[in-house]
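The values are calculated or read from the model by the stated rules, or taken from the named source; none is laboratory data. Since the structure is predicted, the reported quantities are computational estimates derived from the model, not experimental observations. Heads up, the Cβs are rebuilt from the backbone with ideal geometry, glycines too, and the neighbour counts pull from every protein chain shown.
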Amino acid sequence: MTGEPGHALTVPALRVHQWLPEWNEIEWNARAHQSKPNPCFYMFTLSAFVLRKLSAIYRRSAKREARRTADLGIVSVQVLWAA
């Protein structure tokens, strides 16, 4: 994995089906925070190195221009799923 934009990372994953038949009888209500769950999810592993790269974790310094209270360290990461 490189730190350059535009480089893809392929991660093998298992597709896990989590849908239970009795869930078909439930009336889902997103307004009551009871949204319909996805019928499946993906399980995979990443090395700590790759996870740090994807999450943009870094050691902060007091010498940076932004005040620490304003710098949340949040970086947007786009993940593309192939079904």
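Condition check: farther than 30 Å from His7 by Cβ and surrounded by 12 or more Cβ atoms within 10 Å (Cβ to Cβ). Does Trp28 satisfy that? When the stated conditions are applied, Trp28 does not pass them.
Please go through (1) assigned to a loop (DSSP other than H, G, I, E, B); (2) modelled with pLDDT of 85 or more for Trp23 and return the number of the only condition it doesn't satisfy. Among (1) assigned to a loop (DSSP other than H, G, I, E, B); (2) modelled with pLDDT of 85 or more, the lone unmet condition for Trp23 is (1). Taking each residue of the range 1-13 that is assigned to a loop (DSSP other than H, G, I, E, B) and looking for partners that are at pLDDT below 60 with beta-carbon atoms closer than 6 Å, six or more apart or interchain, yields Leu9/Met1. Number of residues in the range 40-61 that are part of a loop (DSSP other than H, G, I, E, B) and either among the polar types (S, T, N, Q) or exposed (fewer than 10 other Cβ atoms within 10 Å of the Cβ) (or both): the value is 6.
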